[in-house]
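Shown next, in structure tokens, is the structure this report addresses.
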Amino acid sequence: MSNTHKTTLEPEDTLNGAGHYDPNFTSHVISAIGPKTDPRLREVMTSLIQHIHDFAREVHLTVDEWTSAVTLINRAGQMSTSTRNEGQLLCDVIGLESLVDEITFKKAAAAKDAVTQSAILGPFFRHDAPLRNLGDSISFDTPKDAELVYMHGTIMSASTCEPVEGAELDIWQASTNGLYEQQDPDQIEHNLRGKFRTGKDGKYGFYCIRPTPYPVPDDGPAGELLHMLDRHPYRPAHIHLIVIKQSFKPITTQIFDAESKYLDNDSVFAVKDSLIVDFTPLQGNEKAGLELKYDIHLAPVD
Ligand code: BEZ
Ligand code: FE
């Protein structure tokens, strides 16, 4: 504790004004960080402590309010499992994952070339999606209300526009009931997800379903927060993808259906204009009635 703490409250301490709190307290806490601390951790924690103390002083945070927040965070941890990441979801609904994604992408791209923009990973990625053959479908037991889509395009270098051979595209999407396969006992494992590798021409192609809007899980603390903030839990219709290829920066992104609801008010703030795509009618293909052509531009590693 700082030695400037008073033992009694003056009347002016109880009202407005961060200036009425102990002016030395925050620097006292920051100075407790020891000399062996990693420099980046020191930078991050110094700033975090400064901002979180300033925030508490600015809103005159009470013990009851702080206790409610701690309880909410604890419950988020307690309900998290290998298929439910409530901590990440809490960050998502206050836009933190999207902001961190923007910061990381801007740093990585610093670009003169038109690189495909990034978007948040979200909590439903799985590392172990199966590798499938070009032309396969990722939709098994396709629901009756789903529209099948042939999604295809070229993965290319953003600087030369040359096709990239052997790029790995990892794709995942929710079913029309709004659930990813790991959330839904009625879907077979790895339904609506898979990895594909481009051929010599940099092309990929596979069958999937037209995505539909869905609510993020709202039966936990993140949902309670949305409710308290008078917000809805819906995300616009989207497909997730990650592209990896040696000598290029990996990209994690999402593409959004131009005709979807919620493009302007995504509950997790992930939409970017350049990621909005058109599904168009596909003639003469008995496997799909729609087509989505989507080229992906990778940034070469410097
Ligand atoms: C998703 O798109 O899968 C997602 C992203 C953030 C929070 C919840 C779900
Ligand atoms: Fe999603």
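Tabulated results
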{"item": "Condition met for Ala270 (closer than 28 Å to Val93 by Cβ and assigned to a loop (DSSP other than H, G, I, E, B))", "result": "yes"}
{"item": "Contacts under 6 angstrom Cβ, first residue in segment 225-244 being part of a strand (DSSP E or B), partner near ligand 1 (Cβ under 10 Å from one of its atoms) and among the charged types (D, E, K, R), 6 or more apart", "result": "Arg235/Asp266"}
{"item": "Output for segment 184-213, where each listed residue is in contact with a strand residue (DSSP E or B) (Cβ under 6 Å, 6 or more places away or on another chain) and over 30 Å from Phe248 (Cβ atoms)", "result": "Pro213"}
{"item": "Among (1) within 15 Å of ligand 2 (Cβ to nearest atom); (2) among the hydroxyl-bearing types (Ser, Thr, Tyr); (3) out of contact with any strand residue (DSSP E or B) (no Cβ under 6 Å at 6 or more places or on another chain); (4) part of a loop (DSSP other than H, G, I, E, B), the one test that Ser98 misses", "result": "(4)"}
{"item": "Considering residues of segment 274-291 that are charged (D, E, K, R) and in contact with a strand residue (DSSP E or B) (Cβ under 9 Å, 6 or more places away or on another chain) only, the residue nearest to Gly153 (Cα to Cα)", "result": "Glu291"}
{"item": "Single residue of Glu86, Glu97, Glu147 found to be within 30 Å of Ala288 (Cβ to Cβ), surrounded by 12 or more Cβ atoms within 10 Å (Cβ to Cβ), among the acidic types (Asp, Glu) and in contact (Cβ under 8 Å) with a residue 24 or more places away in the chain", "result": "Glu147"}
{"item": "Some residue of segment 137-145 being away from ligand 2 (no atom under 14 Å from the Cβ), among the hydroxyl-bearing types (Ser, Thr, Tyr) and closer than 15 Å to Gly205 by Cβ", "result": "yes"}
{"item": "Qualifying residue in segment 192-207 (condition: of a type outside the set (Val, Ile, Thr), within 15 Å of ligand 1 (Cβ to nearest atom) and more than 19 Å from the chain's Cα centre (by Cα))", "result": "no"}
{"item": "Residue that is surrounded by the fewest Cβ atoms within 10 Å (Cβ to Cβ), among those in segment 224-247 that are within 23 Å of Pro130 (Cβ to Cβ) and more than 16 Å from ligand 1 (Cβ to nearest atom)", "result": "Gln246"}
{"item": "Segment 273-292: number of residues that are of a type in the set (Gly, Ala, Ser) and either free of Cβ contacts under 8 Å to residues at least 12 places away in the same chain or assigned to a strand (DSSP E or B) (or both)", "result": "1"}
{"item": "For His53: the one exception among (1) surrounded by 12 or more Cβ atoms within 10 Å (Cβ to Cβ); (2) of a type outside the set (S, T, N, Q); (3) within 19 Å of Met228 (Cβ to Cβ)", "result": "(3)"}
{"item": "Residue within segment 59-69 that is outside any loop (DSSP other than H, G, I, E, B), more than 16 Å from ligand 2 (Cβ to nearest atom) and either surrounded by 14 or more Cβ atoms within 10 Å (Cβ to Cβ) or modelled with pLDDT under 95 (or both) present", "result": "no"}
{"item": "Residue that is surrounded by the fewest Cβ atoms within 10 Å (Cβ to Cβ) [pool: residues in segment 187-207 that are among the hydrophobic types (A, V, I, L, M, F, W, C) and within 23 Å of Thr280 (Cα to Cα)]", "result": "Phe206"}
{"item": "Pro23 at pLDDT 95 or above, exposed (fewer than 12 other Cβ atoms within 10 Å of the Cβ) and not in a helix (DSSP H, G or I)", "result": "no"}
{"item": "Qualifying residue in segment 159-169 (condition: closer than 25 Å to Val268 by Cβ and either within 16 Å of ligand 2 (Cβ to nearest atom) or in contact (Cβ under 8 Å) with a residue 40 or more places away in the chain (or both))", "result": "yes"}
{"item": "Selection within segment 194-218 - in a loop (DSSP other than H, G, I, E, B), within 16 Å of ligand 2 (Cβ to nearest atom) and not acidic (Asp, Glu)", "result": "Arg210, Pro211, Thr212, Pro213, Val216, Pro217"}
{"item": "Residue match in segment 179-186 (condition: surrounded by fewer than 21 Cβ atoms within 10 Å (Cβ to Cβ), under 17 Å from the mean Cα position of the chain (by Cα), at pLDDT 95 or above and in a loop (DSSP other than H, G, I, E, B))", "result": "yes"}
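The values are calculated or read from the model by the stated rules, or taken from the named source; none is laboratory data. Owing to the predicted nature of the structure, the values given are computational and were not obtained by experimental measurement. Cβ: placed from backbone, ideal geometry, glycine included. Neighbour counts: every protein chain shown.
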